[in-house]
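Everything on this sheet refers to the single structure shown next.
What follows is calculated from the coordinates using simple rules that are stated; it is not laboratory data. Only a predicted model underlies this, so the values are computations on that prediction, with no experimental measurement involved. Neighbour counts run over all protein chains shown; Cβ positions are idealised from the backbone, glycine included.
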Ligand code: HPA
């Protein structure tokens, strides 16, 4: 069974609105349990899958997400194309709250996460090309779908991925800006690299929830505001996905 598209939902996105003929799958993976059941069903007449990265009640923090099990489970159910939805903080001036971005590059600042399916005793070492971490054809489909919905969306940006679960210090964000990061999240890696190891098409739809520490005018970042902005931005996700499936 193949699926037209799989969605990994991030903070604020825990279920697939408008899904029909729903089936739930608890997938047994060699890497342990995924963040929760994978839900499959029909949307716009196409077969799709959904997985909540942090669990359906948001109980799994970014550094404890079993990224390997999540990608494995989607692949095992027939996913070959994955759209990851990620809440992020904006670093670049034009990436304020509620902006939608399809990043094209990654800088990985995470540590202590399993970054490869081959990270088990005795497995052959495998190096993947990761010059372009996202699949451009899928990126273009997301951009075209958002524009067809009449939405503004930013094409490209460097997605810096931090360990979390805390937000960053101003100095960390200043350094990330010097490094060339345009936005910052906690869950973009190793997800993208694992998707590449499985030869999945993979793109990210980043929803800006706040200006990152020191990047805007705020002295502090309000978590309530983050979730309010995320709620507004998340409302665009399924209309975009619907257009992608047309
Ligand atoms: N930093 C890291 N991850 C985030 C942020 C942030 O400011 N906002 C939403 N996810």
Search result, residues across segment 145-173 that are part of a helix (DSSP H, G or I) and out of contact with any helix residue (DSSP H, G or I) (no Cβ under 8 Å at 6 or more places or on another chain): 147, 170, 171, 172, 173
Selection status of residue 151, under 15 Å from the mean Cα position of the chain (by Cα) and either farther than 24 Å from residue 217 by Cα or more than 16 Å from the ligand (Cβ to nearest atom) (or both): no
Report yes if some residue within segment 113-127 is closer than 22 Å to residue 186 by Cα, within 16 Å of the ligand (Cβ to nearest atom), in contact (Cβ under 8 Å) with a residue 60 or more places away in the chain and surrounded by 14 or more Cβ atoms within 10 Å (Cβ to Cβ); otherwise report no. yes
Take residue 84 and tell me if it is assigned to a strand (DSSP E or B), more than 22 Å from residue 164 (Cβ to Cβ) and in contact with a strand residue (DSSP E or B) (Cβ under 9 Å, 6 or more places away or on another chain). no
Of all the residues that make up segment 216-235, how many are more than 8 Å from the ligand (Cβ to nearest atom) and buried (at least 18 other Cβ atoms within 10 Å of the Cβ)? 3
Against the definition (more than 16 Å from the chain's Cα centre (by Cα), part of a helix (DSSP H, G or I) and either more than 16 Å from the ligand (Cβ to nearest atom) or touching a residue at least 12 places away in the same chain (Cβ under 8 Å) (or both)), how does residue 242 come out, yes or no? yes
Applying the selection to segment 200-223, what residues are touching a helix residue (DSSP H, G or I) at 6+ places or on another chain (Cβ under 9 Å) and under 30 Å from residue 72 (Cα atoms)? 200, 201, 202, 203, 204, 205, 207, 208, 209
Determine if segment 179-189 includes at least one residue that is closer than 20 Å to residue 219 by Cα, out of contact with any strand residue (DSSP E or B) (no Cβ under 7 Å at 6 or more places or on another chain) and either away from the ligand (no atom under 14 Å from the Cβ) or in contact (Cβ under 8 Å) with a residue 24 or more places away in the chain (or both). no
